[in-house]
Structure formats: structure tokens, C-alpha cells
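Working notes, structure below.
The values are calculated or read from the model by the stated rules, or taken from the named source; none is laboratory data. Treat the numbers as computed from the prediction; the structure is a model and nothing was measured. Every residue, glycine as well, gets a Cβ built from its backbone with ideal geometry; the counts of neighbours run over all protein chains shown.
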Amino acid sequence: MRKIYLLFLTIMSTSVFCYGQISHRTIEDNAGIGLKSQEINTDVPVQLSAVAGEVVYLKTNTCDYWSVDGNVMALDATFGSGNWTAMEFETVDVGALLASEVRFIFMDGSDCGTCEFITFLNAYRTDFEDWVTNGGSLFLNAARNECSGTFEMMAGISLNDGSSGVGYPADNTHPVFVGPKTPVLANPYYGSSWSHDYLSGPDLYVIMTGLHTNPILAEKDLGAGKIMFGGLTLDFIGDHEYWTPEPEVSNLYSNILQYMYDASISRCPDIVTNNDPGTSGAVVTYDAPAAEGAIVTQIDDSGLTSGDIFPVGETVQEYEFDFGPEGKDTCSFTVTVEDNEAPVAVCKESGIGNAAYIISTSGAPWGQNTNEQAMDMVFGSGNWDQLYYETLDPGTLLSNAYDFIFMEGGDDNANEMETFVDANISALETWVANGGHLFLNAAPNEGDGMNWGFWGVELNYPSSSGSAEAAAPEHPIFAGPFTPVITGPYSGSSYSHASIPEELNVVVLIQEVGNPNKQILSYAEWGSGLVFFGGMTTTNFHSPQPEATNLRANMIDFLSRTQLDFQLDKNKSVTITPADIDGGSSDNVDIASMEVSPSQFGIDDVGEQLVTLTVTDNAGNSSSCTSTIIIKADYVTAPQVVANSLEVYLDETGKYVLNHEDLEVMAEGTTDNLTPFEELDLSAYPKIFECDNIGEVIHTRLTVEDADGNISRAWTTVTVLDTLPPAALCQDIEVYLDENGEASITPEDVAVSGEDGSYDACGIVSLELDKQTFGCADAGPNNVTITVTDPSGNTGTCTAVVTVKDTFPPVFEPVADIQLEVEPGVTETAINYPGIVVTDNCTLEPQLSEGLGPDGLFPLGTTTETWVASDPAGNMATVSFTVTVAVINSPPVLVNPIADQAVNASYVLKVPVRPELGEVFDDVDGDELTISAMLENGDPLPAWAEMVNDSLVFTPLIADTGCVSIIVKATDPDGAAAADTFQLCVDGYPVSSPAVDAAALNVTLYPNPTRDRVNIEVQNSISGPAEISVFTMDGKRILQRNYTDNRRISFSMKEHVSGMYFVKINLQGKDIVKKLILNK
């Protein structure tokens, strides 16, 4: 026997060694044991004598199985005595055994050796598996009589309880049923117990079955090696008459052993390596096999050898060994280039399509290229087409050439845009309905607006805005992909020149700040496509930046993305194929298959769905990608929407959110061919209403979705009302009248202010008081009502007490006391009553509290008049004065003047000055007079002169000689007085008086005429008494007075009427009559 050395020295670093195919060496002599030359079949493996140390038989040393030697007999018959080695479970050095040149190990654990067999395998199972994997051949057999139950032998194969008295060939073409020893049967084999156990497990190649087709002999490749599994009572074969037929039974046993030995020594190592990255093969380098004493020739027809590029898959390399007279042998192995490179899976995406930007040949709006910059941001420079209204071909534009069209009509582009749209509106609508995405934007500086079609969308111009904000901040354009971006506010010298009415089937995206009625950008679905309507200027006018530019780019990005749409068929289903999703997947070799998961969709899946495309190559490598698709059910009739107008009433927070009941009222009358009304999904936009919407008719879009995902929309109106009255809160206050008797307050004085004051969620537009001014009549508490009005005219009221106070007291002007005289005989009289003047901040009338008042007749004497003034606040003042009425008081008159007197020293002179009327003084009123005397200069009388009783008594001494003038005064009770002055001379000695000549008297009346006082002067007369009488023209005496001194005569005519009177003067017995004229 010659050894073949297979030297594989320079395999690729990624190669894995395994073993290949069976050798087909032909034996020309009778070298086999127990074989006849005529039985050699050169087309099948033949017996090779085993080399000592290459075959090992393992069993327990505790007993001999069934006390027979069938195993030993079979090993000797197959390999020759001495060409195999017996070892024991209990003593074998497993490590040394598996490291030796052993090729085939037969391990039997039957009968009484089962438990040791199981213990041994449990301890070294992994070691033996590794040994087989590297090319070893292992025969594991056990017909158990102990340690029953399912037991895993190796490589996932289990031994199970279940005997059989017969064995049936499962594949009569298997080599064990062919030779090398013959005859063998392809028919059943028998024994009193042919097997005790049967096999189970994965990847078994079944050779023989027992009862119930249970495997009792099978093989399994493990790596580069092979394991044979059995549950047979092998030790009885050839040594017991019941195992029949013979010699077929013994030949079968020997063929099994030979087959397993051949599997270990007749293999060349296979080569396994990975493909070179990115290619469909690998460069494989190996050393060709060699055999001692043989000529080696590569005889395969692959056309490849070491150092060549081997394709992915298996390539057989076969070499022939020519030993000359000893014959030939072959060795073959397989070079396997494994493809471990996964395919590149590429899915279609809802991505960016072909785009066009259209302006007029007159130039970009305002000479700015900001729209072009936004297009570059989305598509990249050079990846979109610049077209012009005047020169483009509408047929090409609105074909499948473009997925997105941006039509700009700002500044002086407006007329050209309008002309193009008017001429192609139907084609534009059709293109969008078929899935196109259109951006119509114009901020004109010419024309009068445009009709853009699509439900009759009107561009209102002029209708400019200087600021803008998001009306639908949740829309993707306010999120990205270009950031930073904000929802507003945006501003500009003119953010827009035009607006788009909301009362269309659109979603408003941008509006004027604080003015939802002015829409600047709207969005709508039209058939399968989308359209934007805008009135914006170019972004160079907008701020902040870069947010404004990013927002414009986001608009373009949103519109430019295509969708993967799939329609459900009439059976409410659709199947997605790999071709629908594959966007150009590739593999370095070949793609074996593509699968989409999930691939079946029904009515419940309408809407967006995520599918996975898995691409697998021939080597089993796979990769996957995902696509978002949209399942549509256009075959189902969309709901027929009836949109009813609605009135809503704000709550106490100033808001109203549409609830489900509201939506049902709004959608009442809506029908769907499949979905009952109560199962329709209803929504509305906007659905939140606030105070700013009060009184407005808000255009609201009702959206109805049926159970199949079909959506219909319709516009209606919501009228927002506020009927809740404001909460009015008042406080009591005090006010003070001013100096004019007035006070005023404002509603704010009475209404409670601050957080705890009057309140309305929508604000308070006015506070009104039913009384704001107060006067004197309002002094004290007054109830006032404040009315609080909100913007809807709802009112709330509260009542407060305004206490009016007056701290100004009345003030009387002083009134002087009144004195008046009446004619004698008058006992009471009316008077010229003084005006009673009182001042106060309030109008009031003084009241007489004491006295007779203006209409009273005042009696003689003094009457006290008291007036009281009291204002409504209780402030009070009084004024008093007296009215004194007296009879007219004629002052006393001197009727008998006292003549000058002379007295001698040491004499007593007594001058009568009695108060009786007519003596010296008289009083026409008959008043009692009081007489007093003093010196002319007002000094008291000298000590030698005194008033004794009714006379002046003078007792001068010689030392008092001289003359003094003495005044005698008569005073009536009213203080009126008359006086007489005479001269008293003190002489030394008395003398006699001379006689007076009456003819010598000269009497003068003056003034005459007079108005009142009359004086009489008597010349050439000796001092003495005189009597005066006044008579009227008819002789009636009206006045008579006596005077003691005729030198001083005076009387009054005040109480008499004008006219002529006679005055008779009696002097020393002589009567002198003078005429007197009284002229008042």
C-alpha cells in the first residue's frame, strides 16, 4: 500500500479545510482479505487493508456483550488481524487517541456496556465532534439493555427505545449494499432482535429502517468527516444462527466497516474560501497533491489550477497517481468559493423627481435669484430646468418629463404667467390630477390678479402684507429638512403682494400676522397631485434670515417629493411585487431572489405603509431596504359630504373646541356607500375658535373619512358667538361735594380692578355708570349700577353704594341790628327787612327760627330775628339781629336858658335847674330828663359848686373870684340831650342890677328859611328867661318852650311839615313875633 501525501501549503488566508470525494484507485491483484478477484468491481470502492493504528475499536471493559465475539470477528474479517486496535472506555487516553494517525473509530455501547458508553460520550462528545469535523470517520452503535431512554449520541442525533426483529434497506444503492463483499441483499435482514433502538435527529441519511420505518442505521456528514449511527445487535452477526441470512449478514457488516474506513482515508482536503470583495470569485493558491513513487497528473476538465481565479461555487480539482505496475489511484477535492458578500438592496423612495422653474424672459422678479437658490438647495445646482413662459413647450412641460413645476409670477412676470395659465389651465389641472406637484406663486406689480383654476382659485391683487405667520404650524414645511426654520412671525418691506381666499378646498399654511382672513399660502390636493397657491415676494425681502430662505426651500422640497401609490382592486386587495419596490438592487454575483414583506394589503391598510424588500443572492447572503408606500382605495366611493353651517358659543374661557356632536351636526346628511354615518371619521379645520373670531363667519373645512380610508372634504361656515355676560364686580365708595356742590365719579372708581375685578374672557370694551355726577340733593347713600360690556355686547351689572358727603357749612352774611322810630302813637310798624344772604355749596333757603320775618309788624321795643340755614348734609349756620322800634325821640330843648350869674364871695348862689319839663329844658316827648352840670371844657364842677337836689349851689370863697362857664345838660332816656351854658362870675361884693330897656331888644331868627333847627339871637338884652311859642298860619300852636337864658334859644322843626309859621318870643314880659319859613 502506498501513501498519498496531499500537501496544501499556501491556501488563501480565508480558506477552510474539509475533505472531498472517494478515491477510485483500481486494484489489479487479489490484495483484499476474503475477496475473490472475479468479484472486483472497478466502478466502486474496493477493500484496502488497514494500516495498523488507523482503526480503533472502543468498548467497555466491564463485560463482553452477550458473551459473543461478532464485533471482533467482523473487524478481523474486514481489516485483518493485527490491523486494528482495541481500546476501552475506562482507560483510553482520548487526547492521545484523537491526536494519533487513527482514521476510523468503531464505538459500541450495546448490552451491558451502555451506561459506560453514555458516560464516555457525555465526557468527550465535543472532542469527538471536532475530530470528525476535521475528517475522521466514527461509527457509534448501541443496542441497549440498560440506561434506557432517549439519549443524544452526537451532532444532534438521539438514540431512542424501540426494538425491531427486522432491518429493511432504505437505499439499496448505498455502497454497503453493493460491496466490496458479496453477496449482500437488498432485502430484509432478520434476527431474534435485529435492533434494540432507533435513531432520530436532523440531516440523517437513512441506510436501514426497522419496524414502523424507524431509522436503525444512518449516516451524517459532519464537517470533513462522517458519522455512522446504529442501534443494531452487531455482536450477534456471524456468531448466532438467528441472524440471517448468511453469509449476506456478515458481508453487510464488513461492508459497513469498510465503507467507514474508506471514508476516512480516501479523501483529499477540500478548499473553502470567501470571494474577493466586489468580485464573483477568488484567487485560490494551493500545493498540488503528491504520492510517493507516482506520476501526478491533473485530470479534471475545470481549466483552473492553483493561482487562478475560481468562480463562486464549487470547482472540482482531480489528480491521478500513476504507480506503474501497482496500478493507478485518483484524488479529487473541491475548491469552494463562498460568496459572503451581501447584495446591495435599493428601494424606490418617495423622493425628489424632475423639476422645472418657470419665469418670464423679461428676467427674474425684482432681478433677484433667491428662488433659484432655493431650487439649488433642494435639487442641487444643475439638477433642475430653467424654463420661460414665452418659449416653453406646454406639451413637453405637462408630460411625464417633470414631477414638480414651480411657476413664478412676481413683479413684472405676472402678465406672462397669467397668459400662460389662462391658455393651459385644463392641461395643468389634468397634469396635477395625474400626480404632478405644482407651485403657483405670484406677487404682482402689474395686472389686477389672476384666475388659477382648481375650483376657481383667485389671486387677489393688490392685497399686500408686511408680516406673516404659520396658520398650520404642524405642517412639514415648518419642520425641515432645511433648518433653522420658524413658524413666524416673518416680516418684510412687503412679504406678499397678493392673497388667496380661504373659502376654497384648501389648507391655509401661511397668513398675515393677527389676521386669519388674509391667506398668503395655501395647499390643496387635486386628484393624485398637490398644488400650492402663494402670493409671496422673493425671500430677499423677508426676515429673519436664513429662516425665511429655508422656509421657501422647504416648500419646494415638500412639493417635489414623489409618492409610491398602490390602488386596491375590486376585491379590496393589492399585491406588492419586488419589481414594484426594487430601485436597482445589485449583487457581486447573481441575485437569486427578491421578496417584499408585507406584500398583501387590504382595505384596513389604506394609507401609508412601510414595506421591506429583502434581496438574497445564490449564496444565501441577503440585505434589505424599506420603502413607504401609500395604499389607496379609489374604487370605493368616497363619502358624499353634506357640510352644514354651525353656530358655536364660546365658553367661560373664551374658547370653543368642536366636539364629536358638533361634527355630527355639521356633517348631518353625509352618506357613504359602505360605512354607516355613525362610523365615519369626522374632523374639521379649524376646530378651535377664540374671542378673535366672535361675529365672524369662519370658513371651516369638514373632512369625512370612511372605514376604507376614502376621504372627502367640503367647506362650510362656523359662526362664533359669545353670549356669556361679563362678571361685574363693584365696590362702595365715598365722594365729597366740592365748593360748587358737585361731585363726579368714573366707572373705574366703582368697578373693582385687578385680578379680582370685573372680568370677561374676551375682554371688556366699556364700563358705564347709570349716575356719574352728584349734587346736594344726593347727599347720603346713593345706589349706582355699573354696566360692564364685552365685545359681543353682553352686559353684566353690579350695584354699589356711593355715599355723598358735604363738608362745606352754610355761611350767612352779617346783618346789622335795626333801630327805627315811629311817630308817637304808633305801636307797631313794618320795616324795610334786610336781605338775608347765606352762601353754601348747595342751594338752600334760610329759615326763620325766631322773630317776625320780613312780613311781620314790629312792636315798640326790641325784637330778635334769628335765621337758620341747614344743607342736606346737616351742616348748619345761624344769623341773628335785633329790630328796635321806638317812638320818635325829640331831644330835650332849652326853653329857659339860665342867665349868666354872679355871686359874691362868701355868698351862696342857688340856681334852679329842676328837671321838670318847661323849667329850664323841655321835651316834646314828655321824656323824663336827667340834669347834669360840668365846666364848659368838660371838667367837673369846681369843689365850691355842686348839684344839690334840683339846684346848682355855688359857695365860692374870695379865692374863687373870677368867671367860669358852666354847662347844664338835660338828657332823655334815649340819650338825647340839650345843654345850656351860662357864666358864673364870683365877685368880691354884691351889687344891684340895672333896668333893661325893652325897646333896645333886637331878636333875630336864623336860619330862616330853615329845614330843621331854628336859632334865636337876642341882642342888647340882659340875661333872663324867655318863652318861645310857634303857631301855624291858622293860629294853632304847635310848639312851646321855656328857656332860662334868653341868650341861647334853639329848637327843632324836624317833625313839622314845610310851610310858614309864626314864632312868638316873650322876653321880660315883652312879646316879639317873628315869621318863620320851614322848607324841607
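Observations
- Flag for E679 being at pLDDT 90 or above, of a type in the set (D, E) and within 28 Å of A471 (Cα to Cα): no
- Listed by first and then second residue, the pairs linking a residue in region 816-828 that is in the same structural domain as T863 (by TED's automatic domain parsing) to a residue that is of a type in the set (S, T, Y), with Cβ atoms under 8 Å apart and 6 or more places separating them unless they lie on different chains, are D817/T882; D817/T884; I818/T882; I818/T884; Q819/T884; L820/T829; L820/T884; V822/T829.
- Where P325 falls short, out of the listed (1) in a loop (DSSP other than H, G, I, E, B); (2) at pLDDT below 90; (3) on the phi < 0 side of the Ramachandran plot: (1)
- Selection over region 908-945 of residues that are of a type in the set (G, A, S) and within 25 Å of E823 (Cβ to Cβ) gives a count of 2.
Residue by residue, here is whether (1) among the β-branched types (V, I, T); (2) within 23 Å of G409 (Cα to Cα); (3) touching a residue at least 60 places away in the same chain (Cβ under 8 Å) holds:
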site	(1), (2), (3)
D448	no, yes, no
F454	no, yes, yes
G529	no, yes, yes
T537	yes, yes, yes
M555	no, yes, yes
L559	no, yes, yes
T562	yes, no, yes
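- Some residue of region 727-734 being assigned to a loop (DSSP other than H, G, I, E, B) and buried (at least 18 other Cβ atoms within 10 Å of the Cβ): yes
- Only a single item in (1) surrounded by fewer than 22 Cβ atoms within 10 Å (Cβ to Cβ); (2) touching a helix residue (DSSP H, G or I) at 6+ places or on another chain (Cβ under 9 Å); (3) basic (K, R) is not met by R125, and it is number (2).
- Subset of region 167-185 [surrounded by fewer than 19 Cβ atoms within 10 Å (Cβ to Cβ) and in contact with a helix residue (DSSP H, G or I) (Cβ under 7 Å, 6 or more places away or on another chain)]: P175, T182, P183, L185
- Top-ranked residue of region 962-991 - restricted to ones that are part of a strand (DSSP E or B) and small (G, A, S), ranked as farthest from A899 (Cα to Cα): A977
- Being surrounded by 15 or more Cβ atoms within 10 Å (Cβ to Cβ), touching an Asp or Glu at 6+ places or on another chain (Cβ under 8 Å) and not β-branched (V, I, T) is a property that A638 has.
- Extreme residue, nearest to L121 (Cα to Cα), among residues of region 167-182 that are not small (G, A, S) and not in a loop (DSSP other than H, G, I, E, B): V176
- Qualifying residue in region 185-193 (condition: over 26 Å from A77 (Cα atoms), in the same structural domain as N255 (by TED's automatic domain parsing) and in a loop (DSSP other than H, G, I, E, B)): no
- Taken together, the residues in region 498-546 that are assigned to a strand (DSSP E or B) and closer than 20 Å to L438 by Cβ amount to 20.
- Among helices (runs of 4 or more DSSP H) entirely within region 46-139, having at least 1 residues that are farther than 22 Å from N251 by Cα and at pLDDT 90 or above singles out 94-99, 114-133.
- Test: A714 is free of Cβ contacts under 8 Å to residues at least 40 places away in the same chain, more than 30 Å from T797 (Cβ to Cβ) and part of a strand (DSSP E or B): no
- Looking across A905, A877, one residue alone is touching a helix residue (DSSP H, G or I) at 6+ places or on another chain (Cβ under 9 Å), of a type outside the set (V, I, T) and surrounded by fewer than 19 Cβ atoms within 10 Å (Cβ to Cβ). It is A905.
- Residues that are over 27 Å from the mean Cα position of the chain (by Cα) and under 14 Å from Y759 (Cα atoms) within region 709-746 comprise A728, L729, C730, listed in sequence order.
- Extreme residue, farthest from V507 (Cα to Cα), among residues of region 550-562 that are among the polar types (S, T, N, Q) and buried (at least 19 other Cβ atoms within 10 Å of the Cβ): N550
- Between S158, S164, the distinction of being crowded, with 22+ Cβ neighbours inside 10 Å and assigned to a strand (DSSP E or B) belongs to S164 only.
- Residue within region 1056-1069 that is surrounded by 16 or more Cβ atoms within 10 Å (Cβ to Cβ), under 15 Å from P1007 (Cα atoms) and in the same structural domain as F982 (by TED's automatic domain parsing) present: yes
- Residue list for region 1040-1071, filter: farther than 14 Å from N896 by Cα, in a strand (DSSP E or B) and in contact (Cβ under 8 Å) with a residue 60 or more places away in the chain: S1052, K1070
- Candidates D760, D770: the one that is buried (at least 21 other Cβ atoms within 10 Å of the Cβ) and either in contact (Cβ under 8 Å) with a residue 12 or more places away in the chain or farther than 30 Å from A873 by Cα (or both) is D760.
- Hey, T863 touching a strand residue (DSSP E or B) at 6+ places or on another chain (Cβ under 8 Å), farther than 30 Å from E919 by Cβ and not assigned by TED's automatic domain parsing to the domain that holds A970 or not: yes
- Residues that are out of contact with any Pro (no Cβ under 8 Å at 6 or more places or on another chain) and surrounded by fewer than 20 Cβ atoms within 10 Å (Cβ to Cβ) number at least 1 in the following strands (runs of 3 or more DSSP E) confined to region 384-461: 385-388.
- Test: A224 is in contact with a strand residue (DSSP E or B) (Cβ under 9 Å, 6 or more places away or on another chain), on the phi > 0 side of the Ramachandran plot, hydrophobic (A, V, I, L, M, F, W, C) and surrounded by fewer than 23 Cβ atoms within 10 Å (Cβ to Cβ): no
- Verdict on D276 being buried (at least 21 other Cβ atoms within 10 Å of the Cβ) and either in contact with a strand residue (DSSP E or B) (Cβ under 9 Å, 6 or more places away or on another chain) or part of a loop (DSSP other than H, G, I, E, B) (or both): no
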